[in-house]
1. Does the range 33-42 contain any residue that is among the hydrophobic types (A, V, I, L, M, F, W, C), over 21 Å from residue 351 (Cα atoms) and modelled with pLDDT under 95?
2. Suppose we keep only residues that are of a type in the set (Val, Ile, Thr) and in contact (Cβ under 8 Å) with a residue 40 or more places away in the chain within the range 42-96. Which one would you say is nearest to residue 133 (Cα to Cα)?
3. Can you give me the number of residues within the range 57-75 that are under 23 Å from the mean Cα position of the chain (by Cα) and exposed (fewer than 15 other Cβ atoms within 10 Å of the Cβ)?
4. For the range 308-320, indicate whether the set of residues that are under 24 Å from residue 14 (Cβ atoms) and among the charged types (D, E, K, R) is non-empty.
5. Just to be sure, is residue 114 under 28 Å from residue 386 (Cβ atoms) and either without any contact (Cβ under 8 Å) to a residue 60 or more places away in the chain or in contact with an Asp or Glu (Cβ under 7 Å, 6 or more places away or on another chain) (or both)?
6. Please go through the range 288-315 and pick out each residue that is without any contact (Cβ under 8 Å) to a residue 40 or more places away in the chain and outside any loop (DSSP other than H, G, I, E, B).
7. When the residues of the range 144-168 are filtered to those that are of a type in the set (Ser, Thr, Tyr) and more than 21 Å from residue 60 (Cβ to Cβ), which remaining residue is surrounded by the fewest Cβ atoms within 10 Å (Cβ to Cβ)?
8. Pairs, please: C-beta under 6 Å, at least 6 apart or cross-chain, first residue more than 14 Å from residue 207 (Cα to Cα) and in the range 237-252, second assigned to a helix (DSSP H, G or I) and of a type in the set (S, T, N, Q)?
Amino acid sequence: MEFDIIVKGGTLPDGRVADIAISGGKIVAIDREIAGQAGRMIEAAGNLVAPPFVDPHFHMDATLSYGLPRINASGTLLEGISLWGELKPLLTYEAVKERALAYCDWAVSMGLLAIRSHVDTCDDRLLAVEALLEVQKEVSPYIDLQLVAFPQDGFYRSATARENTIRALDMGVQVIGGIPHFERTMADGTRSITELCEIAADRGLMVDMHCDETDDPLSRHIEQLAFETQRLGLHGRVAGSHLTSMHSMDNYYVSKLLPLMAEAGVSAIPNPLINIMLQGRHDTYPKRRGLTRVPEMLKHGIRVGWGQDCVLDPWYSLGTADMLDVAFMGLHVAQMSSPDDMRRCFDMVTNVNAEIMGLDHLGLQVGKTASLVILDAGDPIEAIRLRPDRLCVIAKGKVVAEKDKRDTTLSIPGRAKSVNRRHKLPV
């Protein structure tokens, strides 16, 4: 039998050693030994073969803009939002697109083949929306890019945000976002969740809401999000991102809240690198770190995936597009140190994140899209510990990145280049 690609002798995340045959952009066989010819034979040599990494929470319109027009001196979330407000009028379509494509090159080199990016809808030009819709088309041969209509300055707080958010959806943005804790009042935040979820129900869209990204234990918008999910029948289509206020909430209240989230089927997307950097900035000691209650959510059967959130932008001065960095930090802060927990963290940045985004075509199963990554590690725990080289990345049935003895090289149609993840910062 003739195949396009056979990946020979890879170790799967469950510990099995198997060959993977690929034809027509699909995984057509997974077996101990696959007989047949292939246009390309790739020797995995016992290294880990994993599903692609998936990031369910990112801001691609801001990525690689760190230092423009200035540095976030306080390191706080609110100064980052203010700084982004200064940068927005200076944005150009070309610059947003160029930075986003550069980030996508980084992502491919790290085996990150699916990204959900929020895009600000509070700029009346909707310049970033247009740019990222074009990026979405250009990277579609190798990255599944979802866009979220995100009224960064508040759905009601910003005078034209409601109108612009609807415009962005009409332009083709596929997910509805919001930021209830940044509205002028708690009541406005609650009202924004209701209206945004109603829009999602009417249009048949998914919802991903920045929710309670604050140290204030009285910020409880996730409760309203769970309620609207139940009321409107949005089960499985809704995610609450960040949820950092839960870190500081009263334990009795949380004991009520978690079953409500589980009942509604609301997913949670904590972003450990950014959450622990931005939260607790007003504390002296003890100093909170703001990561939401991940182990407790998992015990209640809530679907939880790790997100990256930011790379080199007004909120975060670091980042590499490596979801293993995210999992590594997440398991530390959540104290998920058992072997089962660490394997679960690897699953959270691959399969679980794909589920949150509704990407049913991804995964190491026969019939799924042939997107996978070979890592220089023997198993998922070693992969998180080492954050190793990606030896080969296959996207939708094509080899798009390989590691040789000299460098990581991309072979993306129209964008063949070496990837240099160094980024010059402003002086």
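The values are calculated or read from the model by the stated rules, or taken from the named source; none is laboratory data. In this text the structure is predicted, and so the values were computed from the model without any measurement. Cβ placement follows ideal geometry from the backbone for every residue including glycine, while neighbour counts extend to all protein chains displayed.
1. yes
2. Applying the filter and picking the extreme gives 63.
3. Going through the range 57-75 one residue at a time, the tally reaches 1.
4. There is no residue in the range 308-320 that is under 24 Å from residue 14 (Cβ atoms) and among the charged types (D, E, K, R).
5. Yes: the conditions hold for residue 114.
6. 297, 299, listed by residue number.
7. Filtering first and then ranking leaves 160.
8. Pairs that qualify, where the first residue is more than 14 Å from residue 207 (Cα to Cα) and the partner is assigned to a helix (DSSP H, G or I) and of a type in the set (S, T, N, Q), are 244/275.
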